[in-house]
Each structure stands twice: as structure tokens, then as C-alpha cells.
Amino acid sequence: MEKLTGTFKVKSGLAEMLKGGVIMDVVDAEQAKIAEEAGAVAVMALERVPADIRAAGGVARMADPKKIKEIIEVVTIPVMAKCRIGHFAEAQILEALGVDYMDESEVLTPADPEFHVDKWRFRIPFVCGARDLPEACRRIAEGAAMIRTKGEAGTGNVIEAVRHMRTMNQQIRQVAQTPDEELVHLSKEWGAPVEVLKLIKETGRLPVVNFAAGGIATPADAALMMQLGCDGVFVGSGIFKSKDPDKRARAIVLATTHYNDPKILAEVSENLGEPMRGIDIAQLKSEELLQVRGN
Amino acid sequence: MHIGVLALQGDFREHLAILRAVGLEVREVRTLAQLEGVDGLIIPGGESTTMAHLLMRNGLMESLRRRGRDGLPIYGTCAGMILLAQELEDDRPQERLNLMGVTVRRNAYGRQLDSFEADLQIKHIGAFHAVFIRAPKIVRVRPSVEILAEHDGTPVLVRQKNLLASSFHPELTGDSRVHQYFLEMVARR
């Protein structure tokens with residue numbers, strides 16, 4: 001047999017390798033190096049971290065290719081980058097740049113009011129956000145090889161990520177207990193492809209890796225999400241919007257590995273300096289919520 | 001027989017699942033205490049820089065290096081192979097276990113675009129379907145190292161006495177034969 005590339009196995013396989021790790025948002029080569037040296041398993045190359053996107057307003061787009069290339073140049077760990085929801089041309093550009101993973105992300109301004117990118121057409125794997133199991137199933141049916149909670153990016157507030165993970169866990173339990181003859185009905189009710197529901201019923205879990213994202217700011221937040229069953233953690237604004245990014249990054253890496261060991265968590269949480277300030281979700285207007293983008 | 005799987009980061013769950021499926025008692029190893037009493041250890045795929053960082057922090061690196069030199073059977077897949085290697089052909093230094101006489105180049109098969117599946121012929125095992133993810137490449141081996149499988153003329157599964165290393169991920173395909181080969185190494189020790 002010849003070499004096979006771009007298969008779902010190698011796409012989901014890379015996500016498997018990232019498990020138990022922390023993926024950090026970075027905006028330049030210098031931050032990328034700090035993240036790698038702190039133990040990040042991958043970096044997300046961005047123009048601005050979500051907190052700044054939120055503050056700046058306007059249309060948020062794919063990062064400048066020059067910036068992405070600079071970041072690829074300085075690290076050996078995988079480099080991810082974001083494209084707008086439905087913006088398959090941005091995805092084509094990111095693929096041409098040779099990024100290792102693409103995040104079709106609600107943090108950027110959506111480009112298509114209805115449709116997501118047909119991710120099966122790409123050889124580079126995609127990660128997509130989801131608030132619940134039906135949304136995760138739709139993304140998987142579109143070809144996503146990795147899922148993350150949407151949470152509420154750029155807030156430093158973990159409540160939405162917790163809500164999304166708990167919802168997914170409850171719905172996975174529900175699928176596991178649904179008799180086969182009722183799966184089609186559930187599929188219709190949820191708008192979730194029945195093939196994906198069948199896979200979930202068989203294994204009792206999502207068929208792809210599921211990370212936490214959107215509001216993780218402290219080692220304790222990371223441990224919380226891991227104990228809720230996430231496979232790993234994305235930290236966006238939480239690191240480089242804090243007083244001491246290097247120290248906080250190292251602490252979150254350790255907390256993600258030793259999430260079940262409160263003694264280590266206590267030790268690594270000590271004296272980290274100011275975390276990012278954070279936003280109470282109730283203070284956000286409904287049009288300021290990023291998680292409702294794409295469904 | 002107690003087999004440990006280093007569970008600091010990476011796809012340790014897949015290794016644990018394969019070992020459990022062949023009826024073994026397995027243990028996740030995150031601390032020095034958990035390393036005590038294992039008869040063999042698997043270092044999973046993942047990010048070698050992350051694992052090295054975590055190994056350095058709690059004394060596991062030194063202890064594992066010592067036990068590896070004393071003959072503890074260790075099998076490293078992908079990132080695990082990088083950690084076992086005595087030499088990295090790379091401009092960036094990285095803490096490693098330095099146990100195995102191979103020279104490895106990180107991500108030498110390319111970026112994720114070049115991750116691939118291929119069929120191999122493995123000595124003592126036979127045909128084997130293998131998955132390579134941003135794989136490290138073995139560029140040189142010392143005479144003490146036995147080559148068990150090659151792909152395109154490059155070694156991809158190698159053994160040196162108590163040490164086994166692969167560029168690919170047998171834990172991702174659910175085929176337990178490479179693991180069973182390792183278990184025989186542990187049993188015969």
C-alpha cells in the first residue's frame with residue numbers, strides 16, 4: 001500500500017497526541033516560544049487574543065500569514081490557526097501555509113450565516129467549538145476531527161465552559177440509554193446525525209477528542225475542566241493577559257497533568273500574580289456573546 | 001506482571017486500553033511513587049517537549065534514566081522515542097533519557113499535512129498497518145541497535161536490549177502485536 005495522507009485517522013490521531021495538554025493562544029513568535037518552553041502541547045496563532053478582539057470590536061478575521069509563518073518558524077510543537085465560521089477560502093490559505101490544525105472559530109466574526117466549512121475537503125484537521133452534544137455531532141458530521149467547548153472566550157470566566165461540558169456529559173449519558181429504535185427520533189429532535197449518535201451510543205463517548213475552551217484562566221479552572229472529563233485545555237487570553245504569563249503557563253500545564261492531585265494543585269496555584277481581570281457573563285449584552293455564533 | 005504507562009501527557013489512554021484488552025494489570029505513572037514496582041514502562045505519543053518538562057519537575061527523568069540503565073524494559077512511541085534517543089539532530093537542546101543508541105530528527109517526516117498511514121513488515125510479527133503522526137525520524141542507529149521494521153529504507157521500529165522504540169503509533173490501530181512483543185521482552189527479563 002502507498003502512503004495515505006489526510007485520512008481521518010491521522011487527523012484525529014494528532015488530537016489524540018495533544019491529550020492531557022494545554023494549547024495556548026499566542027500573537028507573536030516571542031509568545032510562542034514562551035508557551036513552548038512552559039510546556040504547551042500546541043500554540044494557536046492569532047492576530048489578537050479573544051479579550052482584545054472583544055475590546056476592539058469590528059470584524060475579526062484570520063491572522064496575517066506572515067505572523068503565522070513566523071510562529072511556525074520558531075516552535076517544534078504543532079501550530080494551529082483560526083478561520084472564520086464558513087470561510088473556506090481562509091481555511092484554504094491556512095492549509096497552504098502548512099498549519100497543523102485549523103480552528104473554525106466563533107471567536108472570529110462568522111463569514112457564513114448558515115453553513116460551516118465542509119471539513120472533509122481538507123487534508124488539515126479541524127477543531128470546532130460546541131455548546132452541547134447535537135452541535136458537536138453536526139461538526140463531526142462536517143468532518144471536524146476534534147471538538148472543544150465554546151465557553152465564552154475572552155472573559156476569563158469558566159462558567160460557560162462548565163455549562164457546555166456538563167450539557168455534553170448529560171446528553172452522552174442520555175444517548176447511551178436511548179434504545180436503538182428511538183435514536184432516529186432523537187436525531188430528528190436534536191438535529192444531530194444518527195450515524196454519529198450511534199457511534200456515541202456504542203462507545204459511551206464522543207468519537208473524537210474533546211477539549212475545554214472559553215474562559216479558562218487559572219490552574220484550578222484547568223483541573224476543574226479535566227475532572228469534568230475534558231481531554232485537555234485551550235487557554236486563550238488567560239495566560240498572556242495575566243501579570244506573569246510564563247509562571248501562569250507553567251502552572252496551568254502542571255495542573256492539567258496532575259488535575260486529580262489537590263496537593264500539587266495547591267502548590268502550583270501559589271503566588272502566580274494577578275490573573276486576567278475577567279467579565280461576569282451577566283454583564284454581557286446578548287449581541288456580545290461569542291458562543292451563539294454558528295450552531 | 002505490572003506494566004506502567006507514563007501518563008503525564010499524550011495518548012496514554014490508548015496504550016492502557018490495549019494492555020487491558022490483553023488482560024494485563026496496568027498503572028498510570030505520573031509520580032515517582034507510581035513508578036515503583038513496575039516491571040516495564042511505556043512512554044506514549046504526545047509532545048516530547050511537554051513530557052520532558054513534566055519529567056524534569058518531579059524527579060521522574062533521573063529515576064527513569066537510572067532504571068532504564070539497570071535494565072527496566074521501556075517502550076517509547078513517537079514522543080517516547082525522542083525521549084529515549086541518545087542524540088537529537090536538531091539545533092534545539094532538549095532534556096532526554098539518553099538511553100538508546102539512535103539519532104532522531106523531530107518532525108522530519110514533515111508537518112501534519114505529511115502525517116500518514118502505511119503498511120509495514122515487522123520482524124517476528126509480519127504485516128502491520130502503521131499510523132505516523134508528525135513523526136520523528138531515525139536518521140542513524142548504533143551497531144547495538146536492531147532494526148525490526150523499516151519504511152522507505154528508514155528504520156521505524158528498533159530495539160536495543162531492554163529498550164524498544166517506534167516512530168509510529170501501534171496504540172492507535174487497536175492491533176496489540178507490537179505491545180505483545182514488548183510484553184515478551186518484559187517477561188524474559
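The values are calculated or read from the model by the stated rules, or taken from the named source; none is laboratory data. Predicted model only: the values in this text are computed from it and were never measured. No Cβ is skipped: glycine too gets one built from the backbone with ideal geometry, and neighbour counts run over all protein chains shown. Areas reflect the complete protein model, heavy atoms only, side chains present, ligands, DNA and RNA absent. Shrake-Rupley method; radii C 1.70, N 1.55, O 1.52, S 1.80 Å.
So A:Glu90 fits all but one of (1) at positive phi; (2) touching a Cys at 6+ places or on another chain (Cβ under 6 Å); what number is the exception?
Here A:Glu90 clears every test but (1).
Checking B:Gly174 against (1) at pLDDT 95 or above; (2) open to solvent by 10 Å² or more (accessible area, probe 1.4 Å), which single condition isn't satisfied?
Status for B:Gly174: all satisfied but (1).
Quick check, is A:Thr109 open to solvent by 10 Å² or more (accessible area, probe 1.4 Å), part of a loop (DSSP other than H, G, I, E, B), more than 14 Å from chain B (Cβ to nearest Cβ) and more than 18 Å from A:Phe234 (Cβ to Cβ)?
yes
Suppose we filter region A:2-39 for residues that are at negative phi, part of a loop (DSSP other than H, G, I, E, B) and out of contact with any Gly (no Cβ under 7 Å at 6 or more places or on another chain); how many remain?
As a first pass, look at region A:2-39 and keep what is at negative phi: A:2-5, A:7-19, A:21-38.
With part of a loop (DSSP other than H, G, I, E, B) added as a condition, the list becomes A:2-3, A:7, A:19, A:21, A:27-28.
Filter once more, keeping what is out of contact with any Gly (no Cβ under 7 Å at 6 or more places or on another chain): A:2-3, A:7, A:27-28.
Qualifying residue count for the region: 5.
How many residues are under 23 Å from A:Gly13 (Cα atoms), open to solvent by less than 20 Å² (accessible area, probe 1.4 Å) and away from every other protein chain (no Cβ under 14 Å) when one looks only at region B:17-71?
Residues in region B:17-71 being under 23 Å from A:Gly13 (Cα atoms), open to solvent by less than 20 Å² (accessible area, probe 1.4 Å) and away from every other protein chain (no Cβ under 14 Å): 3 in total.
Tell me yes or no: at least one residue of region A:245-259 is within 12 Å of chain B (Cβ to nearest Cβ) and open to solvent by 20 Å² or more (accessible area, probe 1.4 Å).
yes
Working only within region B:33-81, note down all residues that are under 25 Å from A:Val268 (Cβ atoms), small (Gly, Ala, Ser) and more than 15 Å from the chain's Cα centre (by Cα).
Within region B:33-81, B:Ala33, B:Gly59, B:Ser63 qualify.
Out of region A:61-71, which residues are open to solvent by less than 10 Å² (accessible area, probe 1.4 Å) and either more than 14 Å from chain B (Cβ to nearest Cβ) or touching a residue at least 40 places away in the same chain (Cβ under 8 Å) (or both)?
Matches in region A:61-71: A:Ala63, A:Ile71.
Could you please let me know if A:Thr155 is surrounded by 22 or more Cβ atoms within 10 Å (Cβ to Cβ) and away from chain B (no Cβ under 14 Å)? Before the answer, list the steps.
Details: surrounded by 22 or more Cβ atoms within 10 Å (Cβ to Cβ): yes; away from chain B (no Cβ under 14 Å): yes.
Judged against the criteria, A:Thr155 is a match.
Among the strands (runs of 3 or more DSSP E) confined wholly to region B:82-189, which include 2 or more residues that are away from chain A (no Cβ under 13 Å) and free of Cβ contacts under 8 Å to residues at least 60 places away in the same chain?
Details: elements: B:85-88, B:100-105, B:116-122, B:126-132, B:137-141, B:146-151, B:154-160, B:163-166.
The strands (runs of 3 or more DSSP E) meeting that bar are B:85-88, B:100-105, B:137-141, B:146-151, B:154-160.
Return a yes/no flag: does region A:217-232 have any residue that is closer than 24 Å to A:Glu16 by Cβ, of a type outside the set (Lys, Arg) and touching a Lys or Arg at 6+ places or on another chain (Cβ under 6 Å).
yes
Out of the residues in region B:113-142 that are out of contact with any strand residue (DSSP E or B) (no Cβ under 8 Å at 6 or more places or on another chain) and not aliphatic (A, V, I, L, M), state the one that is nearest to A:Met17 (Cα to Cα).
Here the answer is B:Arg134.
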